[in-house]
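Comments concern the structure below.
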Amino acid sequence: MKKKAIIVTTNDITTDNRVHRVSMLLLEMGFDVHWVGRELPGSMPIERPYSTRRFKLWFTKGALFYASFNLRLFWYLLFKRFDILICNDLDTLLGGALACRIKGSRIVYDTHEYFTGVPEIQGRPWVKRAWRSIEKAIFPKLQHIITVNRSIADLYKREYGKELIVVRNIADPPGEVSNITRSEIGIPEGRFLFINQGTGINVDRGMEEFLEALPLIPNAHLLLVGSGDVLPRLKAMAAEAGLEDRVTFVDRQPYHRLLGFTKLADVGLSLDKDTNINYRFSLPNKVFDYIHSDIPILASGVVEVRSIVEKYGIGEIIPDHRPHSIAEKAKLMMLNGKESYLKGLGQARLELTWERERQPLINLYSTLGH
């Protein structure tokens with residue numbers, strides 16, 4: 001009988017490319033894979049080569065959502081056969097860990113960020129204390145923990161004395177990328193195109209400052225593809241500044257279509273601000289999407305992104321988030337042209353691959369699968 005792995009996330013599954021890659025790897029390794037998430041009013045249909053289940057819940061955010069999700073997860077797992085449970089992020093861990101303790105099943109924890117450092121819970125001491133209590137109760141007992149970069153692994157090691165497995169968010173590009181033209185989304189061919197993409201277009205990601213810098217960058221156009229809490233503010237800012245003809249907003253897309261938009265761009269943006277410990281050590285998967293699309297990067301100086309951009313010479317680092325500073329570096333990249341970064345992008349594309357990055361997962365799940 002095949003070993004069964006249940007994977008848990010609190011998202012709606014459809015756009016989580018990291019967890020999809022892990023699911024496909026487990027499928028390739030011979031596991032029976034089942035992914036549990038949640039269904040939202042705007043969730044898209046899904047069809048995957050593994051089974052999925054999305055919970056419909058009364059609550060969609062806040063404490064009541066997390067409590068109801070973990071309670072539902074706990075009861076769901078109690079009556080399911082599985083050999084390995086893979087909990088993604090702290091908001092799935094309580095229900096998952098309790099079920100595994102009762103059933104004696106193995107658990108793997110994949111933390112995609114330094115969860116108690118996320119900006120959404122800073123300045124909310126009771127909320128942060130609740131998450132910290134859950135983490136402190138469960139994390140020290142875990143044997144198999146994965147995270148997304150070395151900086152976050154080192155934070156957890158200092159805090160809990162645990163060695164974490166590092167698997168960065170390097171995508172395995174799809175076999176076919178959608179062919180999208182500038183004309184069909186209303187962007188003039190002669191414009192120099194900057195793109196920011198993903199599901200985390202949020203406050204302190206630097207997009208407000210880039211929008212303020214845009215009038216200082218002649219012939220530049222900004223393309224924002226994805227979702228996030230700052231988008232309403234950005235749309236209002238663009239309207240107030242009379243920049244509607246220089247900023248294009250596109251809702252979040254399936255991965256093969258997202259990369260079609262990426263390939264339109266001249267420069268990719270990764271401008272996270274060092275306002276909290278989680279952003280300080282962030283390494284967004286869009287960085288690797290840019291690299292695999294041969295797009296140089298204009299980045300802030302957060303540790304992990306700076307390391308990659310400078311190592312391969314694939315972009316420029318802004319000294320600070322003042323609009324003038326951003327505009328100067330943007331204009332430098334326009335002057336240099338994409339061609340001056342192509343050699344470094346080629347080298348990065350060869351070295352930063354999912355084929356290499358997934359090896360620690362193969363080693364882990366080969367052991368757990370016996």
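So which of LYS56/LYS286; LYS3/LYS141; LYS157/LYS273; LYS235/LYS329 end up more than 26 Å apart by C-alpha?
Details: LYS56/LYS286 29 Å; LYS3/LYS141 23 Å; LYS157/LYS273 24 Å; LYS235/LYS329 24 Å.
From LYS56/LYS286; LYS3/LYS141; LYS157/LYS273; LYS235/LYS329, over 26 Å: LYS56/LYS286.
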Most mobile listed residue (PRO119, PRO319, PRO45) in the chain, GNM with C-alpha springs under 10 Å: PRO45
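Tell me whether region 195-338 comes out rounded, prolate or oblate; compute the Cα gyration tensor, take square roots of the eigenvalues as a ≥ b ≥ c, and use a/c under 1.5 as the rounded threshold. If you can, show how the numbers build up before the last one.
Numbers: a/c = 1.21, a/b = 1.14, b/c = 1.06.
It is rounded, given that a/c, with a ≥ b ≥ c, falls under 1.5.
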Unit charges on C-beta of K, R, D, E only; dipole of the chain, Debye: 1580 debye
Spin-label pair ALA130/SER183, simplified geometry with 7 Å Cα→Cβ offset, distance in nm: 5.4 nm
Acute angle (nearest 10 degrees) that the helix 231-240 long axis makes with the longest principal axis of the chain, alpha-carbon atoms: 20 degrees
Among PHE115, ILE86, GLY62 - extreme Cα towards positive end, dipole of region 17-127, charges at beta-carbon: GLY62
Cα gyration tensor shape of region 146-214, rounded if a/c is under 1.5, else prolate or oblate by comparing a/b with b/c: oblate
Dipole axis of the chain (+1 Lys, Arg; -1 Asp, Glu on Cβ), positive-most option in PRO254, GLY301, GLY369: GLY369
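So if I place +1 on the C-beta of Lys and Arg and -1 on the C-beta of Asp and Glu, and nothing else carries charge, what would the dipole magnitude of region 276-335 be about its Cα centre? I want it in debye, nearest 20.
Roughly 140 debye for region 276-335.
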Crossing angle, helix 323-336 versus the chain [Cα axis fit, 0-90 degrees, rounded to tens]: 80 degrees
Cβ-placed point charges (K, R +1; D, E -1), dipole of region 41-140 about Cα centre in debye, nearest 20: 360 debye
Principal axis dimensions, region 145-262 - Cα atoms, whole angstrom, descending: 52, 35, 22
Kirkwood Rh, Cα atoms: Rg over Rh of region 301-362: 1.09
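Using only C-alpha positions, report the orientation-averaged shadow area of the convex hull of the chain, nm², one decimal. Provide the component values of the computation, followed by the final result.
Numbers: hull surface 73.4 nm².
Averaged projected hull area, Cα only: 18.4 nm².
Shape verdict for region 77-165, please, from the Cα gyration tensor: rounded (a/c under 1.5), prolate (a/b greater than b/c) or oblate. Let's see the in-between values first.
Values: a/c = 2.12, a/b = 1.41, b/c = 1.51.
Oblate is the answer for region 77-165, as a/c is 1.5 or above yet b/c matches or exceeds a/b.
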Residue among VAL177, VAL167, ASN336 farthest towards the positive dipole end of the chain, charges placed on Cβ: VAL167
Fluctuation leader among LYS128, LYS273, LYS286 - the chain, Gaussian network, Cα springs under 10 angstrom: LYS128
Most mobile of TYR50, TYR114, TYR255 in a GNM of the chain (Cα contacts under 10 Å): TYR50
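Read-outs: derived from the displayed coordinates by stated rules, not from any lab. Bear in mind that the values here come from a model prediction, so they are computed numbers and not experimental data. For neighbour counting, all protein chains shown are included, and Cβ atoms are generated from backbone atoms with ideal geometry for every residue, glycine included.
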